[in-house]
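The values are calculated or read from the model by the stated rules, or taken from the named source; none is laboratory data. Nothing here was measured: the structure is a model prediction, and the numbers come from that model. Methodologically, a virtual Cβ is constructed for each residue, glycine included, from the backbone with ideal geometry; neighbour enumeration extends over all protein chains shown. What goes into the accessible areas is simple: the full protein's heavy atoms, side chains included, and nothing from ligands, DNA or RNA. Shrake-Rupley method; radii C 1.70, N 1.55, O 1.52, S 1.80 Å.
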There are 2 protein chains.
Amino acid sequence: MLIDIALDAVGSDQAPGPEIRGAIEACRKLPVRVHLVGPEAELRAMLKKRHLPADFPIVVHHASERIGMEEKAAIAVRTKRDSSMRVGLKLVREKTVAGFVTAGNTGAAMATAKMVLGMLPGVDRPALATALPSSGESPCILLDVGANVDCKPHNLEQFAVMGELYSRNVLKIAKPRVGLLSIGEEETKGNDLTRESFALLRALPLNFIGNVEGRDLFNGHADVIVCDGFVGNVALKASEGLAKLVRSELRQAMGSNPLYMLGAFLSKGAFNNFRKRLDYTEYGGAPLLGLRGACIIGHGSSNARAIYNGIRVAAEFAQSGISQEMKDALTPPATPANSDGNTTVPAL
Amino acid sequence: MLIDIALDAVGSDQAPGPEIRGAIEACRKLPVRVHLVGPEAELRAMLKKRHLPADFPIVVHHASERIGMEEKAAIAVRTKRDSSMRVGLKLVREKTVAGFVTAGNTGAAMATAKMVLGMLPGVDRPALATALPSSGESPCILLDVGANVDCKPHNLEQFAVMGELYSRNVLKIAKPRVGLLSIGEEETKGNDLTRESFALLRALPLNFIGNVEGRDLFNGHADVIVCDGFVGNVALKASEGLAKLVRSELRQAMGSNPLYMLGAFLSKGAFNNFRKRLDYTEYGGAPLLGLRGACIIGHGSSNARAIYNGIRVAAEFAQSGISQEMKDALTPPATPANSDGNTTVPAL
């Protein structure tokens, strides 16, 4: 039985090349059927060149419009009614597919997903989560990394619940350690938001380890780290910026003399292993948590490997039953589920 | 003519070893006289073992108390009246020395410096600034990285003025590009604080380049980046955490097979150059800006090289005349300077 996943074929900067190659790799290695969403004639022509078997599990859905990377999310969502994002997310809503993956405009993807899928009851705001490499055995989940700029304590409380469920159900961590991102370990350290959130997180039925610091994003001390979307986005992008600097400095240092170049050639395999450990493309994009359905948002610079991993994560997400668990965890038990899910403060 | 710099001899985790070695190196290479502050008998005994010439420019000032890394700043400052930090900063206040360097407890150093030196007129809060490695030619100054947790727009405005003066006077950047750390380039992107601060920064008589993102900390797009102390501290520590992970992963990858080890041996010089480019010890600690005097705060894990660079930066800071420039830039021209400097909102 194949898991159906919709893929925005015109999301990434180099689209649709990485999407088509990533989809083919996913169909070969994973129990998935990929629904490519985009300009049908162009996509069919590109697939034809690949000489795939007749029963190869890729199908194409037409979408006439593409949302560009520089477009304003609010306007694009309103005006482009036949965008690949909207068509793909509708496939999730009508249960044709179990999840949606895009490497396109993050803001537009978040806005479209909120509009088309809607939020789970009890969720005030969805959160964009990302998996970071760590010296521990499994990646650390950081959320929110940009969906919500100014947050209230109850938002961080919901992010903690959602992140913990993601770590447990999708990453299979038995008892995820949940930390609150701050600037000191003591409860009293931090800003107004973290100090107020601390008590809420401590009262949750999960393994809350208290405040953690920026360095804990990468040292395996926590499995889930919660913060507002401004701080999370700055921390994530600063880390990406430093990783890029490290790569370019290392390349420059190694190329500066023939002996170093020989050494680098001999150690090539080690460099590749090193790169792979730190490479975001291995982590499969950022899941948008709190929606009625699985939506994974990748980097604009995604290559085929990143797309493949996005599809893998979407399939794992869909299979995990995490949406039902979130609904159960975040819906106040005493009152019936609020069907718009937008204004309920969870009674956790 | 030597520049007199006071050095907390019992600041770093490994003190006083790194302090003594760093001070000796500084006295050999720089036009400085170092005033070691700490337990006099112990320091004299250690210096004696070095067989320095009689006229070697190191002097010792006795301080009977040491503030530990885990001590609460507020309590330590109040109770340890003969701490090495307090004695060293008093030497600055009474103009025996031109600046003070410590690798001790950051919170205690900031609190002691505020108390002993006082703030420049027009400065509401001092800011801790740090120099980050970048792919550009000179380091990028990030401030505040932890002195002020919840900031108001006028605090960020003052940080911009102080950071720009530091970049221009100490790092000798002719026309520093000043950016506001946010999560999108457009003026409307960001949180409440950055959106309100944007207009204030744009009105300043300096080269404001608008919002920058986390990745811009390391790509040379800006010379000075302004943010509140919570965000700056998280970004800095996340970057330090990632750098540590990179080093350990690279070491592990290189050690995993004899061929890689040979390659790494041949490329050793390149690795050293690479490390040096990214090594915080080359950047000489974090200046605390906005005080009546130069105070440089280093990492607890500082080695002798980091101490040496801290002394170098303190001397450059003291020589630059930046304190006078800050006073001129931040004092409202129409009213007389407010001598406590604590509550004046600058009319920039």
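Could you please find all residues in the range A:144-165 being among the charged types (D, E, K, R) and farther than 22 Å from B:D150 by Cβ?
A:E164
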- Query: Restricting attention to the range B:43-70, which residues are charged (D, E, K, R) and within 23 Å of the chain's Cα centre (by Cα)?
  - Reply: B:R66, B:E70
- Message: I'd like to check which helices (runs of 4 or more DSSP H) are fully inside the range A:55-167 and have at least 2 residues that are in contact with a His (Cβ under 8 Å, 6 or more places away or on another chain) and open to solvent by less than 20 Å² (accessible area, probe 1.4 Å).
- Response: A:84-93
- By residue number, the members of the range A:225-235 that are open to solvent by 10 Å² or more (accessible area, probe 1.4 Å) and either more than 7 Å from every other protein chain (Cβ to nearest Cβ) or among the acidic types (D, E) (or both) are A:D228
- Which of (1) farther than 27 Å from B:P126 by Cβ; (2) outside any helix (DSSP H, G or I); (3) touching a residue at least 12 places away in the same chain (Cβ under 8 Å) does B:V37 not meet, given it meets every other one? (1)
- Kindly establish whether B:A222 is assigned to a loop (DSSP other than H, G, I, E, B) and open to solvent by less than 10 Å² (accessible area, probe 1.4 Å). yes
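Having 1 or more residues that are touching a strand residue (DSSP E or B) at 6+ places or on another chain (Cβ under 9 Å) and at pLDDT 80 or above is the bar; report the helices (runs of 4 or more DSSP H) wholly within the range A:229-289 that clear it.
A:229-254
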- Message: Being within 17 Å of B:V170 (Cα to Cα) and either in contact with a Ser or Thr (Cβ under 8 Å, 6 or more places away or on another chain) or away from chain A (no Cβ under 14 Å) (or both) is the filter here; which residues of the range B:139-148 pass it?
- Response: B:C140, B:I141, B:L142, B:L143
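Tell me the residue from B:E185, B:E196 that is open to solvent by 70 Å² or more (accessible area, probe 1.4 Å), of a type in the set (D, E) and within 19 Å of B:L142 (Cβ to Cβ), please.
B:E185
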- Could you please let me know if B:V116 is more than 12 Å from chain A (Cβ to nearest Cβ), within 17 Å of the chain's Cα centre (by Cα) and touching a residue at least 24 places away in the same chain (Cβ under 8 Å)? no
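So is A:L250 surrounded by fewer than 18 Cβ atoms within 10 Å (Cβ to Cβ), of a type in the set (A, V, I, L, M) and at the interface with another protein chain (Cβ under 7 Å from one of its Cβ atoms) or not?
On the way: surrounded by fewer than 18 Cβ atoms within 10 Å (Cβ to Cβ): no; of a type in the set (A, V, I, L, M): yes; at the interface with another protein chain (Cβ under 7 Å from one of its Cβ atoms): yes.
Spelling it out, it is not the case that A:L250 is surrounded by fewer than 18 Cβ atoms within 10 Å (Cβ to Cβ), of a type in the set (A, V, I, L, M) and at the interface with another protein chain (Cβ under 7 Å from one of its Cβ atoms).
Can you go through B:E65, B:E25 and tell me which one is touching a Lys or Arg at 6+ places or on another chain (Cβ under 9 Å), over 30 Å from B:N148 (Cβ atoms) and at pLDDT 95 or above?
B:E25
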- Which residues, taken from the range A:193-218, are touching a strand residue (DSSP E or B) at 6+ places or on another chain (Cβ under 9 Å) and not in a helix (DSSP H, G or I)? A:L204, A:L206, A:N207, A:F208, A:I209, A:G210, A:N211, A:V212, A:E213, A:F218
- Query: Quick one: what pairs do we get from the range A:197-219, first residue free of Cβ contacts under 8 Å to residues at least 12 places away in the same chain and at negative phi, second open to solvent by 20 Å² or more (accessible area, probe 1.4 Å) and among the aromatic types (F, W, Y), C-beta under 6 Å, 6+ apart or different chains?
  - Reply: A:R202/A:F208
- Query: Can you name the number of the only condition in (1) surrounded by 21 or more Cβ atoms within 10 Å (Cβ to Cβ); (2) closer than 23 Å to B:E137 by Cα that B:E240 fails?
  - Reply: (1)
